[in-house]
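To start, the structure itself, in structure tokens.
The values are calculated or read from the model by the stated rules, or taken from the named source; none is laboratory data. As the structure is a prediction and not an experimental result, all values here were calculated from the model. A quick note on method: Cβ atoms are made from the backbone with ideal geometry, for glycine too, and the neighbour counts reach across all protein chains shown.
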Amino acid sequence: MKFLSVLIIPPIVFIFIFGCSQKEPVNGPAINNGTGFFYFRDKTISEARAMRVYYYKPKKYTDDRPILFFMHGADRKVDHIPGEVARDLEKYNILLILPEYSEQLFPKIEAYQYGNVRTKPKELWTYYVNDRIFELVKRLTGSQQKKYYIWGNSAGAQFVHRQLIVGAYEFVKKAFASNAGVYTMPTHGTDPYPYSLKGLDLTDEDLIKIFSLNFLILLGEEDVVQDAYFLKTQAAMRQGNNRLQRGKKFYSIAKKEAQRLNLKLKWQLITIPGCGHNPNDEMINVVVRSILSQN
């Protein structure tokens with residue numbers, strides 16, 4: 001199965017008329033059949049700017065079909081994806097939404113992976129932007145979906161698990177985080193956010209809600225290489241020497257915290273044999289089956 005396998009392949013960068021200015025065209029946003037993008041204005045960015053949101057809408061898409069957000073990696077590139085996955089998206093009839101959190105509008109790791117939590121008030125945290133995009137997508141498509149699915153790989157997985165941890169999960173039906181490089185451990189540790197919950201002002205009641213979410217942690221068993229994107233700060237290295245170790249530790253701590261709260265952890269950890277940092281067919285199958293089984 002090739003569905004979504006290209007989501008992490010280095011892209012051929014396309015040049016758009018509005019690519020540099022990122023200003024919304026006069027006619028406003030629309031979602032048509034096939035590939036495309038629209039501009040989305042949000043309070044987290046300047047009023048003179050708008051972020052691009054790419055998509056693929058299957059020809060047979062109806063308002064009862066699932067909506068999947070995909071969060072890109074540290075390269076911030078998504079424009080190549082819709083055309084590459086068109087055949088499989090038609091087959092599974094899933095509406096794919098790909099917000100572009102560009103370096104221009106969401107500078108560096110602080111604004112994307114860490115969500116501006118340390119630099120801006122809560123109402124301007126990046127993790128709430130997807131919810132507002134979802135509301136617009138519903139209006140543009142007539143979708144009857146009350147919640148969306150979200151999957152992130154690598155830096156996108158950092159975004160996804162922190163979106164849940166900070167409480168931006170009201171509209172999330174199920175989340176998938178694969179091969180994150182570093183985690184916000186779900187405990188009040190010695191290392192402050194983004195390495196633990198320290199400084200987030202979360203209570204045990206908050207943790208109970210977080211641990212009750214539909215959340216799959218996907219790890220490639222071969223994702224053990226310290227590449228150029230692998231974070232090696234002292235706090236990060238305490239989580240493990242590779243992404244596989246760090247993901248297992250993240251889940252282990254969640255289990256211990258859930259036990260402390262006398263709660264059965266709803267999260268799942270799935271390791272994928274033969275899979276490195278980029279999702280293979282088996283990992284993709286896990287995501288697709290999980291989405292389709294609920295629709």
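Do we have Ala236 as of a type outside the set (Lys, Arg) and either in contact with a Cys (Cβ under 8 Å, 6 or more places away or on another chain) or surrounded by fewer than 16 Cβ atoms within 10 Å (Cβ to Cβ) (or both) here?
When the stated conditions are applied, Ala236 does not pass them.
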Practice problem: Determine whether Phe3 is of a type outside the set (A, V, I, L, M) and either at pLDDT 95 or above or touching a strand residue (DSSP E or B) at 6+ places or on another chain (Cβ under 8 Å) (or both). | Solution: no
Self-check item: Whichever residue in region 157-175 is of a type in the set (Gly, Ala, Ser) and free of Cβ contacts under 8 Å to residues at least 60 places away in the same chain and, among such residues, is surrounded by the most Cβ atoms within 10 Å (Cβ to Cβ)
Solution: Ala175
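Here's the yes/no breakdown for (1) more than 18 Å from Ala177 (Cβ to Cβ); (2) more than 18 Å from the chain's Cα centre (by Cα); (3) outside any loop (DSSP other than H, G, I, E, B); (4) not basic (Lys, Arg):
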residue: Tyr56; (1), (2), (3), (4): yes, no, yes, yes
residue: Lys60; (1), (2), (3), (4): yes, yes, no, no
residue: Asp63; (1), (2), (3), (4): yes, yes, no, yes
residue: Gly73; (1), (2), (3), (4): no, no, no, yes
residue: Lys77; (1), (2), (3), (4): yes, no, no, no
residue: Glu90; (1), (2), (3), (4): yes, yes, yes, yes
Quiz item: Looking only at residues in region 246-275 that are part of a loop (DSSP other than H, G, I, E, B) and surrounded by fewer than 17 Cβ atoms within 10 Å (Cβ to Cβ), which one is nearest to the chain's Cα centre (by Cα)?
Solution: Lys266
Quiz item: Mind checking which residues of region 208-232 are farther than 30 Å from Phe171 by Cβ and touching a residue at least 40 places away in the same chain (Cβ under 8 Å)?
Solution: Glu221, Glu222, Val225, Asp227, Phe230
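Each row is one residue, and each column tells you yes or no for (1) over 19 Å from Gly199 (Cβ atoms); (2) assigned to a helix (DSSP H, G or I).
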| position | (1), (2) |
| --- | --- |
| Val117 | no, no |
| Ile133 | yes, yes |
| Leu136 | yes, yes |
| Leu140 | yes, yes |
| Gln145 | yes, no |
| Trp151 | yes, no |
| Ala157 | yes, yes |
| Val160 | yes, yes |
Quiz item: Scanning region 169-211 for residues that are in a strand (DSSP E or B) and of a type in the set (Gly, Ala, Ser), which turns out farthest from Ala157 (Cα to Cα)?
Solution: Ser196
Quiz item: Picking from Ser196, Ser178, Ser154, Ser143, which residue would you name as being of a type in the set (Gly, Ala, Ser), surrounded by fewer than 24 Cβ atoms within 10 Å (Cβ to Cβ) and more than 22 Å from Pro58 (Cβ to Cβ)?
Solution: Ser196
